[in-house]
Amino acid sequence: MSILAECPICRNKQAVKNKKCKCGEDLDQAKRGQRIKYWIQYRLPGGKQRKEYVGSFEELNGYSIEDAQIAESKRKTQKRENRLLDIKPDVKMTFDELTKWYLNLESVKALASYDIIKINLNKFNSIFSDTIVGHIKPADLENYQARRLKQGKASGTVDHEVGKAKTMIYKAFDNDIIGGDTLKAFKRVKKTLKPGSDVRDRILLPDEFKALVGHSEGHTKAIINMGYYTGMRKGEILNLTWDKVDLAGRMIQLEPEDTKDKEARGIPVCDELYKMLLSMPNRIQGSSEDNHIFQYNGKAITDIRAGIKRACKKAGIEYGRFIKGGFIFHDLRHTFNTNMRKAGVSESVIMEITGHSTREMFDRYNTVDEGDARKAVKQLEVYFANVTQTVTQNEKSDKKETG
């Protein structure tokens, strides 16, 4: 049994006596600054090694070496009494306490979806906040699903809430915070949404796009254009910074950490998008403290639903995921794929640009290079030019008929 010190830089857990971490951090200085987290390490009967964060013990400070020694002493006593296997944190931990532990993890805080995770777990806590985690049974979770559905929530929304709770439970199990019985309860709960029932086929027609953009406010208009001309996901667009944009080379370069599928990809910039980006007031790097492309009052935009909803109402377009024929921002991604296909771009090139594929699907095609991507966007520009010409001719024809 031993006490471990966690490096505040690389998170490596090591012997307390170490003065310097392999990453170069001065551990002695970090201890004086109370930046070191302490863990205790021991083996359970059967040989399995277990680590416990000192801060998970009731009334103990995870940054105190004295408290770490107290935690170690407690476990030594339990080991002598053969009671180590009786230790199950989920026997006394409430769902709210587990949520606070999970949301405080640096790896979770770094997620782009952190705010969404927090909202979903808060929904769950409205029912299970004071419930001991180990006491939650499959029937309780099924009752939660039924209650939310009865409140008028969509199946996808309910599954999303339960899914976020499941992810937290898996993380807690991997860190020995909950036992197998609790994990089993969450694993047994089935989704309420039938497979394939949430597939969307809504695309934005050329005249609808023209009307939507025409009735959009400044930053909303720019973001809609970015979605329409690139097929990028909303999160990828809102988090886009100027250092990812090569205007001279007319490419947007996303790194693995920027994408949902954790794969880097290059997105070509068409003429319309190039003109828009070139005219943006915060284009010159350093003109603002925030390097995000899409800003409002000097701060990065985090939500555009209200702006899109207003634009849809003015343009006469139904808005909403659960309204028949309703439009949502993600439909621009499907619209881009459809427009590229109609423009004659091969599926392999489309998938490479959008990152909209499984690994197996990618393996069926040859490697797509930057030249293919540039050729693809040229084909798309020709397609847009033809569509614009057709729409304009139809408008002129309608005016003649009504005149």
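The values are calculated or read from the model by the stated rules, or taken from the named source; none is laboratory data. Note that the coordinates shown come from a computational prediction; the quantities given were computed from them, not determined experimentally. Reconstructed Cβ throughout: ideal geometry from the backbone, glycine too, with neighbour counts over all protein chains shown.
Couple of notes before you dig in:
- Flag if residue 314 is among the basic types (Lys, Arg), assigned to a helix (DSSP H, G or I), surrounded by 12 or more Cβ atoms within 10 Å (Cβ to Cβ) and modelled with pLDDT of 85 or more: yes
- Residue 79, sole failed condition from (1) free of Cβ contacts under 8 Å to residues at least 40 places away in the same chain; (2) out of contact with any helix residue (DSSP H, G or I) (no Cβ under 9 Å at 6 or more places or on another chain): (1)
- Checking residue 53 against (1) at pLDDT 85 or above; (2) surrounded by 12 or more Cβ atoms within 10 Å (Cβ to Cβ), the condition it does not meet: (1)
- Region 284-311 - residue that is touching an Asp or Glu at 6+ places or on another chain (Cβ under 7 Å) and loosely packed, with under 15 Cβ neighbours inside 10 Å and, of those, modelled with the highest pLDDT: 299
- The listed residue being within 17 Å of residue 276 (Cβ to Cβ), in contact (Cβ under 8 Å) with a residue 60 or more places away in the chain and surrounded by 17 or more Cβ atoms within 10 Å (Cβ to Cβ), out of 266, 231, 214: 231
- Of the listed requirements (1) part of a helix (DSSP H, G or I); (2) free of Cβ contacts under 8 Å to residues at least 40 places away in the same chain, residue 248 misses just one: (1).
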